[in-house]
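For reference, the structure discussed in these notes is given below.
The values are calculated or read from the model by the stated rules, or taken from the named source; none is laboratory data. Bear in mind the structure is a predicted one, so any value in this text is a computation, not a measurement. Cβ sites come from the backbone with ideal geometry, for glycine too, and all protein chains shown count toward neighbours.
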Amino acid sequence: MHIRSGTLVLSVVAAVVSAPARGAAADPFNEVSDKTNSKMVKVFGAGGFSRLNNFGTGIVISPDGHILTVASQLLDTSDLVVHLYDGRRLRAEVMVVEPELDAALLRIRVEGKKPGEPTGLDLPYFDFAEAVKRPAAEPGDWILGFTNQFEIALRDEPLTVQRGVIAARTKLSGRVGVFDFPYTGEVYVVDAITNNPGAAGGALTDRKGNLLGIIGREIKNTQTETGINYAIPVGAKVTITVKVKEKDKEEERTLTLSLPDFVARGMKGEYKPTRRDPAGRPGDGGWSGIVFVPNILSRTPAYVEDVIPGSPAAKAGLRPDDLISFVDGEPIVSITAFQDFLRVRTRPGTTIRVDVRRGEALQTVEMTLGVHPPKPTPVPPPKKP
Amino acid sequence: MSRSPFRLLLLLAAPAVLGLAACLVPVASARPAAVDKLVADAEAERVAVIQKVSPAVVAVCIHGGQAVGSGVVIDPEGYALTNHHVVQPTGPIMQCGLADGVLYDAVLVGQDKIGDVALVKLLPKQKDKPFPFVQLGDSDKVRIGDWSLAMGNPFSIALDFTPTVTYGLVSGTNRYEPLGSRPGISEYTDCIQVDTSINPGNSGGPLFNAKGELIGINGRINFEKRVRINSGVGYAISINQIKNFLGHFYAGIDTDHASLGASAGSVDDDSDLAKIVVKQILEDSDAYRRGLRDGDQLISFAGRPMTSTNQYKNILGTFPKEWRVPLLFRRENEKKEVLVRLQNITPAEKDQPAGGPMPPMPPRPMGPGGPPPRPDSPAAKLHKPKPGYTNFYFNEIQRDKLLTGAKKHGDFTAGAATWTAEGRYDAGERKGEMRFEVDAGKEVAAVVLRLNIEHRLLPLEQTDPRQQAEPIGSGGLMMALYHYHRFLTTEGKGFEGEFVHGGSEPFYPPPADGGTPKSLAALRVDADVIRTKHGSVTCKWYFAKTDQKLLGLETFISKDTDPCELYLSDYKDAGNGRVLPHRIEARYGDKRYAVLTVSKYTLK
């Protein structure tokens, strides 16, 4: 067996170079750990089966209880719960999700308060705008990771703290399962083994507890096929190409999305998730070719029962038992929600991005919708003899 | 609320992992010329600490064979801590390598299978030559963010037993980590989580704080999809938990963990703040007799606030069975603090209903062809198997050592078959003259106790527990006095049923004024225990660890009832340099029965 990680070698060099961090060795991290832990939450949501975690981590970014985390399948539930550092258990809701940045913004709900009303929580928090202003960390800088990996902590139990150095700052080239990871911007790669189950949404900080980034998920490096320990920097930016339609003419346009903008506008409720394709006219909507499980509940989850051969869904590689979780970044809570989305927001030829939960991972596929096939003629019931 | 059962790995070095060897690391560029003094000092300090503790780090090996884990020597006689799962493949006779490159014969002394701890003893090469050893730290003072050093022999790398050092942060404290889904089989309670690299072969090795004090024994790592090596999450059994079991280990006891005799858990997972309540309580448990009932809220347990189910399991898991610990609970608006005697967690075999389903046995991996043959080792002479004990040889040693220490306070073995004591008694509303006499000289032993009326007991003739428990309300004061006399005069020969060292337990002498103590924890005295059985009656004898003075005893007339407790104090010379207590407080249940103040002993 060989140790294959390319980043490992990098980090060894970095550690040696950075050893003379001022007074570092003499200065334990007790206070920084306590202080940072109070600005973090344990997130509990969807999952809990097929080795799909139903727990994660979140970063408090306002005294009112706004929480920044990653855009994982965990959020695909109306029953989202957070545990605060002091042991309080509170409900939370998703405000907005931006898969291009793999970021999600949550808000703690306090009973008796309407959404958007001040919660009066007055929590310790990270000032995200301040964090963005600080210079980015460099390879060799010491870091601390704060996560609820392996669901070790519940209630008032403090999160796991780990120490390491930044091994590299580089573009992410990762995959989840067989799919390429949607986020392709810059990340901090660290030498600590931070990205364990449940760690996603944790805080990467410097030695003083200043927020540097959001610890990401368990993904594989596409070049070396090894697990990669990374965090998305607070100032993350990605440039994507979207199709824009103007006066019946489609053209491609380049857009830059940034985490600071997502957070700033998201907290005000003004952020709209990006769609790579323009919404279609209201009307028939596009056709996916997905056959869902029987829609017997008011909110039957959008589980794929079957895929019609040759349909857009089949071409996109969807399979039975996939659960449609997000379409173009919007949470899909039920079969009806998916059908409504297609009818109102798409038309034949529209390309949608579908996040499906398959096995243990959230996977993203693109699907160009087709035209509804003609309704089959009903088979006449067999005549009684 | 319980955690999803992540697979945890026991860190036994298998020969197969030896292949996982070093990788090439490019040579680092030259060090920067000037190093900050703080950094240089910190480094020098760290190096000095490592040099200080290295000689005491152990590589545990199968006798004549493969290194399987690590350990650490904790006293000059060569007693060393390791994991239970490390000594499973070695059997009771093993060998241990130290950093001096020497392989010592060693024997298993005591163990805690549930807590995954074992004590072994290394045999010196030269008689009485002291071993290098480390100091035990205080793991309750360990804080998240502290530096920690793990040492041991991962992947059995060091053939000359030079320990490997890894360095990292304490990632978490008071962690609860069950292994698998069956609670009580093996669990790490109140353990320390580190990001310090812990790999197969590190098992049983020491975790030190920055000062080189032993704060834990490394034993597990968390992994899921990763290969079975360091995943950034390692666990060490906290040294304070081990300290609770240490007296049992030295006495060669196969220890058991404790149960409250009740199940307790979070009342409602949906509530904003966790509230731990009693969900089901056994009516024959001590906790029930102390007044705990279903629905009562646990406020604190052994001094630890009960804020989550994990914290409850954590603190409970740190005690051996039969320990008494303070419990503060609330019912409606009333709070009450009691001392609860914990019960065993593993049901004794005789407690199994006949024909009922047997509990699943803990996994006990055996090499092919059963246990290894008894090696030809000098350590084999130090091994004496006995049911309930890991190694009864050490029980006898510790027991005799304790009794020798106790004899400093007077040797009663020469004669004195009849004892008479005169003085006064105080039983609250009743008080007056007191006299008791224990006469073991005749064919039929007899105890006479005169308080306001005269009580008389023939301890061996009268077998009805109700008679044995007289005077009513004392739980068996006469029986206790009879056993006390027997204990002092027969030197163990009078206890045909059992006469063994019972490890260490806390003892709580009540305040002399009979008042309610401000805190039960403040009363605690650490004691070594002797257990005896004579006829149908068992007793536990509590000796102060400091001077081996007998502090008191508990006399159990029958199982599942409260004992008669005697608290002995005001020791004075009773003639011929023999010191006896002139104040004896008898308690039963939660109440004081009487205080006997002796003005004169007559020993004939």
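Restrict the check to the range B:61-84 and report whether at least one residue is within 14 Å of another protein chain (Cβ to nearest Cβ) and surrounded by fewer than 22 Cβ atoms within 10 Å (Cβ to Cβ).
Within the range B:61-84 (the criterion being within 14 Å of another protein chain (Cβ to nearest Cβ) and surrounded by fewer than 22 Cβ atoms within 10 Å (Cβ to Cβ)), the answer is no, since none of the residues qualifies.
Only one of (1) more than 19 Å from residue B:320 (Cα to Cα); (2) touching a residue at least 60 places away in the same chain (Cβ under 8 Å) is not met by residue B:513, so which one is it?
If we test residue B:513 against (1) more than 19 Å from residue B:320 (Cα to Cα); (2) touching a residue at least 60 places away in the same chain (Cβ under 8 Å), just (2) comes out false.
Within the range A:45-82, track down each residue that is out of contact with any Lys or Arg (no Cβ under 9 Å at 6 or more places or on another chain) and either of a type in the set (A, V, I, L, M) or free of Cβ contacts under 8 Å to residues at least 40 places away in the same chain (or both).
Passing the criteria: A:45, A:48, A:49, A:54, A:68, A:71, A:74, A:75, A:77.
Restricting attention to the range A:43-65, does a residue exist that is of a type in the set (Val, Ile, Thr) and modelled with pLDDT under 95?
Looking for residues that are of a type in the set (Val, Ile, Thr) and modelled with pLDDT under 95, one finds none in the range A:43-65, hence no.
Please verify whether residue B:122 is within 14 Å of chain A (Cβ to nearest Cβ) and either modelled with pLDDT of 95 or more or within 23 Å of residue A:153 (Cβ to Cβ) (or both), treating the condition exactly as stated.
It is false that residue B:122 is within 14 Å of chain A (Cβ to nearest Cβ) and either modelled with pLDDT of 95 or more or within 23 Å of residue A:153 (Cβ to Cβ) (or both).
What is the residue count in the range B:563-576 for residues that are modelled with pLDDT under 95 and in contact with a Phe, Trp or Tyr (Cβ under 8 Å, 6 or more places away or on another chain)?
Of the residues in that region, 2 qualify.
Count, please, the residues in the range A:109-120 that happen to be in contact with a Ser or Thr (Cβ under 9 Å, 6 or more places away or on another chain) and within 12 Å of chain B (Cβ to nearest Cβ).
Adding up the residues that qualify gives 1.
Could you look through the range A:129-168, keep only residues that are at the interface with chain B (Cβ under 10 Å from one of its Cβ atoms) and aromatic (Phe, Trp, Tyr), and pick out the one that is nearest to residue A:85 (Cα to Cα)?
For the range A:129-168, the residue satisfying everything is A:146.
Looking for something of a type outside the set (Lys, Arg), surrounded by 20 or more Cβ atoms within 10 Å (Cβ to Cβ), in contact with an Asp or Glu (Cβ under 9 Å, 6 or more places away or on another chain) and assigned to a loop (DSSP other than H, G, I, E, B) - is there at least one such residue anywhere in the range A:231-242?
Yes, the conditions are met somewhere in the range A:231-242.
It is to be established whether one or more residues within the range B:303-322 are hydrophobic (A, V, I, L, M, F, W, C), out of contact with any Ser or Thr (no Cβ under 6 Å at 6 or more places or on another chain) and surrounded by fewer than 20 Cβ atoms within 10 Å (Cβ to Cβ).
no
Of all residues in the range A:42-92, which are among the aliphatic types (A, V, I, L, M), part of a strand (DSSP E or B) and within 14 Å of chain B (Cβ to nearest Cβ)?
A:52, A:80, A:81, A:82, A:90, A:92
May I ask you to say which residue of B:587, B:578 is surrounded by fewer than 19 Cβ atoms within 10 Å (Cβ to Cβ) and of a type outside the set (Gly, Ala, Ser)?
B:578
May I ask you to verify whether residue A:307 is more than 30 Å from residue A:162 (Cα to Cα), aliphatic (A, V, I, L, M), in the same structural domain as residue A:347 (by TED's automatic domain parsing) and modelled with pLDDT under 90?
Spelling it out, residue A:307 is indeed more than 30 Å from residue A:162 (Cα to Cα), aliphatic (A, V, I, L, M), in the same structural domain as residue A:347 (by TED's automatic domain parsing) and modelled with pLDDT under 90.
I'd like the residue in the range A:324-356 that is basic (Lys, Arg) and in a helix (DSSP H, G or I) and, out of all such residues, is nearest to residue A:289 (Cα to Cα).
A:343
Inspect all residues belonging to the range A:145-153 and state whether any of them is surrounded by fewer than 24 Cβ atoms within 10 Å (Cβ to Cβ) and closer than 25 Å to residue B:307 by Cβ.
Yes, that holds for at least one residue.
Being of a type in the set (S, T, N, Q), touching a Lys or Arg at 6+ places or on another chain (Cβ under 7 Å) and either surrounded by fewer than 18 Cβ atoms within 10 Å (Cβ to Cβ) or within 14 Å of chain A (Cβ to nearest Cβ) (or both) is true for just one of B:297, B:280. Which residue is that?
The conditions single out B:297.
Mind counting the residues in the range B:98-127 that are surrounded by fewer than 20 Cβ atoms within 10 Å (Cβ to Cβ) and within 27 Å of the chain's Cα centre (by Cα)?
Counting residues in the range B:98-127 that are surrounded by fewer than 20 Cβ atoms within 10 Å (Cβ to Cβ) and within 27 Å of the chain's Cα centre (by Cα) gives 2.
Is there any pair linking a residue in the range B:413-438 that is free of Cβ contacts under 8 Å to residues at least 24 places away in the same chain and within 19 Å of residue B:486 (Cα to Cα) to one that is aromatic (Phe, Trp, Tyr) and not in a loop (DSSP other than H, G, I, E, B), with Cβ under 8 Å and at least six apart or on different chains, and which?
From the range B:413-438, the pairs are B:437/B:419.
Only residues that are crowded, with 18+ Cβ neighbours inside 10 Å and in contact with a Ser or Thr (Cβ under 7 Å, 6 or more places away or on another chain): list them for the range A:70-88, please.
Once the filter is applied, which keeps residues that are crowded, with 18+ Cβ neighbours inside 10 Å and in contact with a Ser or Thr (Cβ under 7 Å, 6 or more places away or on another chain), the range A:70-88 yields A:73, A:76, A:85.
Kindly establish whether residue A:238 is in contact (Cβ under 8 Å) with a residue 40 or more places away in the chain, touching a Leu at 6+ places or on another chain (Cβ under 9 Å) and of a type outside the set (Lys, Arg).
Yes.
Determine which single condition residue B:149 fails, assuming it passes every other condition in (1) of a type outside the set (Gly, Ala, Ser); (2) crowded, with 24+ Cβ neighbours inside 10 Å; (3) not in a loop (DSSP other than H, G, I, E, B).
It is condition (2) that residue B:149 fails.
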